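Just below is one structure, and these are the notes that go with it.
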Amino acid sequence: MGFPKGRRGVAAVVAALLGVGAVAVVVHRVLAPAEVETVARAGYPPAATPTVGVVGRLPVAPLIVDGRLRVYTAARQVYADQPADGRYRVSPYWSYRRWPARLSGVVADGTTVLSHWSDGKLVALDARTGRVAWRADGPAPADSPTARRTGAGTVWDPAGLFLARAADGRAVLVVSGRRGVRGFALADGRQLWSAGVDDRCRTDVGTTVAGQFLAVDRCAGPPAVEFRDVSTGTTTTLWQPPGGSAELFATPVGCVSHRSRCRGLRTAGPADAPARGWLVAAGPPVAASGLDVAGSEVAGDRVVGVTDGVLTARSARTGEELWRRADLGPVRILATQPGRVHLLTERNDLVTLDPATGAQRSRFPLTVGRDGLGWAPGLAYAADGYVAVERLREPVDPDADDQRYFLMSEPVVLAAT
């Protein structure tokens, strides 16, 4: 015997409601905002003491943190592995995920790993454990992330994230985004200041060793470099290079990390106008002729660059030649870090010099196994004695998809110098 018609209808309705409820639960679990924090289960590793030479190759770009970890990114994830000198990427030491926001950029200072997300949220992680140290609301990124498969643009060239030291020594994070720029205390995420700005007529430059945040401002008249105090957000100077024009471009040089705590600045105007180099510390910028040359860098109190095919170092303030190396052949400056200038030869040897004396610290072919040396360098990064470089397929086609653009599936080579 079947159910009476009325009871059958009730049962069908109940079943339908239960089905809808189950689907709603699944949809909520899948699509609802979520945060997954997977902390470290092992102890914090000791600082690595790598052998000089090529360490290995990686599929994604690493951020070296505290000389102990490598931090990587994915579209919605920040994660770390260890040791820093591991030959391959291994299972995560810790991991942090957010949904549905997308990761915009990551920077690190000491044992703090700071991530900026598409919804403007700032999340600081303790590198020793992977635990969230603090969260804060920042400005939403001005542009959507466009990092390629390696994620190098997210960790080596993050848009709108800058580290600085205030005059009193405090670590400050400056975050620039859509219609705003803000300063935060890196220790606890406390907002120090906020300034409403129009990102459509401004271009971020970076922070200086003297605790200033620089941007090129074109919003109200001829373009000028705006100097803003990182501890208060107060604009202290609007500076125009001599002979200023309707066009102004500025590039930071001699930075401790990505566009952060920089010692120099290179300005340029129209395409046919020569570039000019400047030292930026306390007070107005000071002309530094050695920085006029494209590709030159500030390393300590010296400007290192290639002039007439010869690598030279000059006093940053006087321009006096201090040393030269004519025995290296054609080279380009790949990256710098305290006490090291990293050069790439035309045969893709990595040469590391002491910027104070020009003495060679190390030299070796930048290759792994049978990968060979037939590649072009992409983005590069240096920290804690390590150098990492993207390897691109020749001839380089910036419009190609990732499979054609990169040399192989593990295009990042990591070396210790």
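Just a few scattered comments:
- This model, with +1 at the C-beta of Lys and Arg and -1 at the C-beta of Asp and Glu, gives the chain a dipole about its Cα centre of some 1600 debye.
- FRET efficiency, D301 to W99 (Cβ-Cβ, R0 60 Å, nearest 0.05): 0.80
- Highest-first arrangement of 392-402, 77-87, where packing means the average Cβ count within 10 Å: 77-87, 392-402
- For the chain, the square roots of the Cα gyration tensor eigenvalues, ordered a ≥ b ≥ c, give a/c of at least 1.5 with a/b greater than b/c, which places it in the prolate category.
- Options A147, W193, T111, ranked by Cα towards positive dipole end of segment 67-195, top entry (Cβ charges): A147
- The angle separating the long axis of helix 5-31 from the principal Cα axis of greatest extent in the chain is about 10 degrees.
- Per-residue packing, averaged as other Cβ atoms within 10 Å, sorts the ranges 310-317, 189-196 into the order 310-317, 189-196, beginning with the highest.
- Tensor-based shape of segment 139-230 (alpha-carbon gyration tensor, a/c under 1.5 rounded, otherwise prolate or oblate): oblate
- Each of A75, V205, A273 was scored by the projection of its Cα onto the charge dipole of the chain, and the greatest displacement toward the positive side belongs to A75; charges sit on the C-beta of Lys, Arg, Asp and Glu.
- Options S176, V389, L125, ranked by Cα towards positive dipole end of the chain, top entry (Cβ charges): L125
- Rolling a 1.4 Å probe across the protein heavy atoms gives segment 121-206 an accessible surface of 42 Å² per residue.
- Computed from the C-beta positions of A273 and R317 and an R0 of 25 Å, the FRET efficiency is 0.55 to the nearest 0.05.
- Cα-based shape type of segment 81-185, given that a ≥ b ≥ c are square roots of the gyration tensor eigenvalues and the cut on a/c is 1.5: oblate
- Inter-probe distance in nm under a simple model that places probes 7 Å from Cα toward Cβ, at D143 and R347: 3.8 nm
- Taking amide hydrogens as placed 1.01 Å from N in the peptide plane, the amide H of L192 sits under 5 Å from those of G183, F184, A185, each at least 5 positions away in sequence or on another chain.
- Extension gain from V52 to T236, taking 0.36 nm per residue of separation minus the Cα-Cα distance: 61.8 nm
- Of all accessible heavy-atom area on the chain, the percent that carbon and sulfur account for (1.4 Å): 52 percent
- Pairwise FRET efficiency - A74 versus Q191, Cβ, R0 = 30 Å, nearest 0.05: 0.60
- Simple spin-label estimate for R363 and D401 in nanometres, 7 Å along Cα-Cβ: 4.2 nm
The values are calculated or read from the model by the stated rules, or taken from the named source; none is laboratory data. Bear in mind that the values here come from a model prediction, so they are computed numbers and not experimental data. Here the Cβ is made from the backbone with ideal geometry for all residues, glycine too, and neighbour counts use every protein chain on show. Ligands, DNA and RNA are excluded from the accessible area calculation, which covers all protein heavy atoms including side chains. Shrake-Rupley method; radii C 1.70, N 1.55, O 1.52, S 1.80 Å.
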